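I have a structure I would like to understand better, so I am pasting it below and will then ask my questions one at a time.
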Amino acid sequence: MIVRPLLLSLCLGICATLPALADGEIQKLITPADKARLDKYDETRKAALAEAKAGSPADVKQLDALLAKPLVSFSDKDLTGSWKCRTIKAGGLSPLVIYGWFKCKVTDDGSGWRLEKVSGSQRTKGRFFDDGEKRAIYLGSAYVNSDPAKPYGSGPQSDQVGYAFRSGASEWRIEFPAPYYESKLDIVEFKR
């Protein structure tokens, strides 16, 4: 009977020296280009926000207020339902652009939250994946007006990747590093 504890101890010792491999669904779905965008998230975000400081003072104040909010956990909140949402474009063609509010909805199909922007000309449709207590990863597809959304993985012109952060009971955001069009960082802000 001493053999079992010895084998267990040996197995645990070997397993501890092996690299930890994440085998979640997102690793099977995310494209190499989107993985690279997330790998450079901090660098891209820093550059975009530095450029955004040259925007109008009123817009810079709104952006600073949004980003100053402390992050809270996703675990105790259900995001399903209707939301108002707006896009903020930082860096790139213009220093800072803040669009008006549109309509978005979040549903849960049993495998997790799904997002769809249902008004405005620039839309998104996709789903979320856990990435810790205070962050989720969004994989989605950008599309225009009433054109059908392409499936995620269809190519760089439509594929979207971003980190989602919650900052209160009725507010959260997704930050998209290096989107294909116009800016260095897109932020979609959600409120109820």
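For the chain, modelled as a GNM with alpha-carbon contacts under 10 angstrom, which of Lys103, Lys89, Lys77 fluctuates the most?
Lys77
Then there is this: Which whole number in µm²/s is D for the chain by Stokes-Einstein, with the Kirkwood Rh taken over Cα pairs at 20 °C and 1.002 mPa s?
118
Ok, one more. Could you name the lysines in cross-link range of Lys53, using Cα to Cα under 21 Å and dropping any fewer than eight places away on the same chain?
Reachable lysines: Lys40, Lys61, Lys69, Lys89, Lys184.
Compute the Rg to Rh ratio over segment 109-192 from the alpha carbon atoms, using the Kirkwood formula for Rh, and round to two decimal places.
Answer for segment 109-192: 0.94.
Next question. Rounded to whole Å, give me the distance from the Cα center of segment 26-67 to that of segment 82-147.
So the separation of the two Cα centres works out to 14 Å.
Please work out how much length the chain gains when fully extended from Asp78 to Ala65, using 0.36 nm per residue of separation minus the C-alpha to C-alpha distance, in nm with one decimal.
2.3 nm
Work out from phi, with θ = phi - 60° and the Karplus expression 6.51 cos²θ - 1.76 cosθ + 1.60, the ³J(HN,Hα) of each residue of segment 184-192, listed in order in whole Hz, and give x for Gly and Pro.
8, 8, 9, 10, 9, 9, 10, 9, 10
Return the single residue from Ala149, Ala48, Ala65 with maximal mean-square fluctuation; model: Gaussian network over the chain, springs between Cα atoms under 10 Å.
It is Ala65.
Something else now. Taking springs between alpha-carbon atoms closer than 10 angstrom, which of Lys28, Lys69, Lys150 fluctuates most in the Gaussian network model of the chain?
Maximum fluctuation in the GNM of the chain, among the listed residues, is at Lys28.
Ok, one more. Read phi for every residue in segment 49-66 and hand back ³J(HN,Hα) as whole Hz from Karplus 6.51 cos²θ - 1.76 cosθ + 1.60, θ = phi - 60°, with x for Gly and Pro.
5, 5, 5, 4, 4, 7, x, 4, x, 5, 5, 4, 4, 5, 5, 4, 5, 4
Using only the alpha carbons of segment 63-173, what is the convex hull's orientation-averaged projected area in square nanometres?
Projected over every direction and averaged, the Cα hull of segment 63-173 covers 7.5 nm².
Rounded to the nearest whole Å², what accessible area per residue is found for the chain with the 1.4 Å probe?
I get 57 Å² per residue for the chain.
Still on this structure, please answer the following. Using helices alone, I'd like the mean residue ellipticity at 222 nm for the chain: each DSSP H run of four-plus residues gives -39500 (n - 2.57), total over residue count, nearest 500.
Per the formula, -8000 deg cm²/dmol.
The values are calculated or read from the model by the stated rules, or taken from the named source; none is laboratory data. If you're wondering where the values come from, they're calculated on a predicted model, not measured in any experiment. Please note that ligands, DNA and RNA were not included when accessible areas were found on the heavy atoms of the full protein model with its side chains. Shrake-Rupley method; radii C 1.70, N 1.55, O 1.52, S 1.80 Å.
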